[in-house]
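Working notes, structure below.
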Amino acid sequence: MAKRLKIVADANIPFLKGVFEPYADVVYLPGGSIGPLVCKDADALIVRTRTRCNASLLSSSRVSFIATATIGTDHLDTGWLDSAGIGYANAPGCNAVGVMQYVLTSVALLLQRSGKSPVGLTLGVIGAGNTGERVARGASLAGFNVMRNDPPKAVYRSDIPYYSLEEVLQECDIVSCHLPLDDSTYSLASDWFFSKIKRGAIFVNASRGEVVDEVALKRHRNYLGGLILDVWRNEPDIDMELLESADIATPHIAGYSFEGKVNGSVACIRAIAHRFGILELYDYSPEVEAPAGIDLALPFGELTRRMLEVFPVHKLSEELKNSPESFEKMRNNYDYRHEFAVPDNIRIIE
């Protein structure tokens with residue numbers, strides 16, 4: 001008799017419980033508690049960024065496949081996994097609309113506080129992939145001028161203008177980072193970066209904390225007109241000085257929309273199903289309600305009001321600032337907001 005499939009899953013990934021149980025034994029644990037012992041006799045993992053998938057975790061296990069409910073894969077040691085013959089899959093684009101919602105809502109709030117509107121302002125996107133391109137298109141619909149920096153794309157795409165990093169930094173009133181974490185992006189936002197950024201610009205990071213040299217950011221903070229941070233180095237033990245100086249500070253939840261989490265979980269479920277031949281789940285899709293619509297071309301005051309109604313980001317920021325030790329608790333217990341529906345030309349999967 002064939003041994004029953006065993007899956008170890010991060011307990012904080014929603015919409016999983018009950019799906020695999022007819023076909024496998026499933027163990028649910030907090031991501032940071034998934035260790036070598038529980039993985040020893042597991043066949044597959046379903047994880048997010050809190051689980052480092054490397055030789056230390058898996059060298060003594062029989063795990064043959066990992067599905068991560070995230071866009072990024074920097075928590076996966078892909079070189080070692082490849083050498084060990086362990087397959088893996090991520091969920092590209094799963095929470096891109098949620099991140100776009102976070103950036104536009106947060107920027108709109110800061111502009112409202114200063115009595116400004118998007119008219120005449122330029123928003124720069126550093127990294128125009130699945131997420132960054134949605135931010136760019138959403139910002140354009142909301143009335144911003146947009147400049148994109150993405151050297152790999154600039155090589156093969158001629159339908160959209162791309163600019164050098166220095167041009168974006170010097171020209172843009174808002175600079176938003178949407179980069180994967182790798183050797184080329186680690187500490188990209190350095191002293192040089194912040195010395196080139198336009199004085200009074202708003203800086204946003206909703207990608208990975210390690211993209212920013214936080215010491216350099218603190219050194220140049222007074223030259224910025226606004227600071228919006230969702231990701232940090234050393235999470236959950238974040239820099240208290242940086243937390244205090246940020247206008248909007250949140251516990252790594254930019255992509256934590258209901259729809260984004262559904263997308264990430266569905267990607268994992270389908271990937272595991274295809275890998276292990278669970279035919280009934282090949283095209284798994286839960287029944288969920290469509291998100292509420294919002295017209296990004298509304299007058300700016302009304303748009304800001306509507307966006308904050310859907311996602312009161314300032315309240316979440318106040319909560320983190322008042323209780324920074326609750327970073328992980330806030331993240332794990334976050335009440336997933338609904339995205340606002342956007343035009344089809346923003347929903348790009350590359």
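Look at the dipole of the chain built from charges on Cβ: of Ser106, Phe65, Tyr186, the Cα furthest out on the positive end belongs to Phe65. Taking amide H atoms as placed 1.01 Å from N in the peptide plane, the amide H of Arg148 lies under 5 Å from those of Val125, Tyr163, each 5 or more residues away in sequence or on another chain. Net charge dipole, the chain: roughly 100 debye, given to the nearest 20, about the Cα centre with Cβ charges of +1 for Lys and Arg and -1 for Asp and Glu. Over all Cα atoms in the range 49-139, the spread is summed up by Rg and Dmax: 18.8, 59 Å. When the chain is treated as a GNM with alpha-carbon contacts under 10 Å, the residue of Gly124, Gly293, Gly225 showing the greatest mean-square fluctuation is Gly293.
When the Cα convex hull of the chain is projected onto planes of every orientation, the mean area is 17.9 nm².
Just the accessible area per residue of the chain, please: how many Å² with a 1.4 Å probe?
Per-residue value: 43 Å².
One decimal place: the segment Arg113-Ile160 gains 13.7 nm when fully extended, by the rule 0.36 nm per residue minus the C-alpha distance. Among the protein heavy atoms, those of His252 account for about 30 Å² of accessible surface (1.4 Å probe, every chain in place). Working note: Debye formula, equal point scatterers on the alpha-carbon atoms of the range 97-159, no solvent; log10 I(q)/I(0) at q = 0.16, 0.23, 0.25, 0.30 Å⁻¹ is -0.52, -0.95, -1.07, -1.33. Taking Cβ atoms as reference points and 14 Å as the exclusive limit, the residues near His338 contribute a net charge of -2, counting Lys and Arg as +1 and Asp and Glu as -1.
What's the whole-number percent of alpha carbon pairs in the range 154-205 lying beyond 12 angstrom? Beyond 12 Å sits 70 percent of the P(r) for the range 154-205.
Can you tally the lysine pairs in the chain where the Cα-Cα distance is under 19 Å and the two residues are eight or more apart, or on different chains? For the chain, the number of qualifying lysine pairs is 11. Annotation for the range 112-178 versus the range 45-76: alpha-carbon center distance of 33 Å.
Please compute, over every Cα-Cα pair in the range 131-223, the percentage with a separation greater than 24 angstrom.
Within the range 131-223, distances greater than 24 Å cover 18 percent of Cα pairs.
So, with a 1.4 angstrom probe, what is the percent of accessible area on the range 148-226 that is carbon and sulfur? C and S atoms contribute 49 percent here.
Derived from the Cα gyration tensor, the three semi-axes of the equivalent ellipsoid of the range 223-305 are 35, 23, 8 Å, largest first.
The phi-based Karplus calculation (6.51 cos²θ - 1.76 cosθ + 1.60; θ = phi - 60°) puts the 3J(HN,Hα) values of the range 150-157 at 7, x, x, 6, 4, 6, 10, 10 Hz, whole numbers, x for Gly and Pro. Applying the criteria of a DSSP loop state and at most 14 other Cβ atoms within 10 Å to the trypsin sites (Lys or Arg not before Pro) of the range 163-208 yields Arg199.
The values are calculated or read from the model by the stated rules, or taken from the named source; none is laboratory data. Being a predicted model, the structure only gives us computed values, none of them experimental. Cβ sites come from the backbone with ideal geometry, for glycine too, and all protein chains shown count toward neighbours. For the accessible areas, the whole protein counts, side chains as well, though only heavy atoms, and no ligand, DNA or RNA atoms are used. Shrake-Rupley method; radii C 1.70, N 1.55, O 1.52, S 1.80 Å.
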